[in-house]
Amino acid sequence: MPETVMTYDPDDWRLGAACRDLDTAVFFPESEDGAAVAKAVCAACPVRGACLEFALVTRQDDGVWGGLDENERRRLRRRRQDAARRAA
Ligand code: SF4
């Protein structure tokens, strides 16, 4: 059997994503029930933190990332900005 050659970046957090083989539409739900399904997948995802930081840094405005929907991420971003302002 030929040796398997790895051609991807092992540091890429997406490789460990629980949603890797799922339809991305699951993470762009149109209802709260749909969002709950996506969040349940995220809850068990080993790269949840990295995913959430990616979404915050790159300002992903839609969908569920790192277990948070767009409104939750907006609130988190605001809390972090407030904390940074207070610390300055
Ligand atoms: S946290 Fe959720 S959206 Fe992010 S990689 Fe994991 S399963 Fe996918």
Test for ARG73: is it modelled with pLDDT of 95 or more and not aliphatic (A, V, I, L, M): yes
Some residue of the range 3-11 being touching a helix residue (DSSP H, G or I) at 6+ places or on another chain (Cβ under 8 Å) and at pLDDT 95 or above: no
VAL37 being over 13 Å from the mean Cα position of the chain (by Cα) and at pLDDT 95 or above: yes
Residue count, the range 20-40 (criterion: near the ligand (Cβ under 9 Å from one of its atoms) and surrounded by 17 or more Cβ atoms within 10 Å (Cβ to Cβ)): 3
ARG14, sole failed condition from (1) outside any loop (DSSP other than H, G, I, E, B); (2) modelled with pLDDT of 95 or more; (3) open to solvent by 50 Å² or more (accessible area, probe 1.4 Å): (2)
Long-range neighbours under 7 Å by Cβ, at least six apart or interchain, first residue within 16 Å of the ligand (Cβ to nearest atom) within the range 60-88, second part of a strand (DSSP E or B) and open to solvent by less than 40 Å² (accessible area, probe 1.4 Å): LEU76/LEU68
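Every residue in the range 54-73 that is open to solvent by 70 Å² or more (accessible area, probe 1.4 Å) and at negative phi, please. So that I can check it myself, show each step before the final result.
Narrowing the range 54-73 to residues open to solvent by 70 Å² or more (accessible area, probe 1.4 Å): 57, 59, 61-62, 71.
Selection gives VAL57, ASP61, ASP62, ASN71.
The values are calculated or read from the model by the stated rules, or taken from the named source; none is laboratory data. On a predicted model such as this, the values are computed, not experimentally measured, just so you know. Glycine gets a Cβ as well: all are built from the backbone with ideal geometry, and neighbour counts include every protein chain shown. Just the protein is used for accessible areas: all its heavy atoms, side chains included, with ligands, DNA and RNA removed. Shrake-Rupley method; radii C 1.70, N 1.55, O 1.52, S 1.80 Å.
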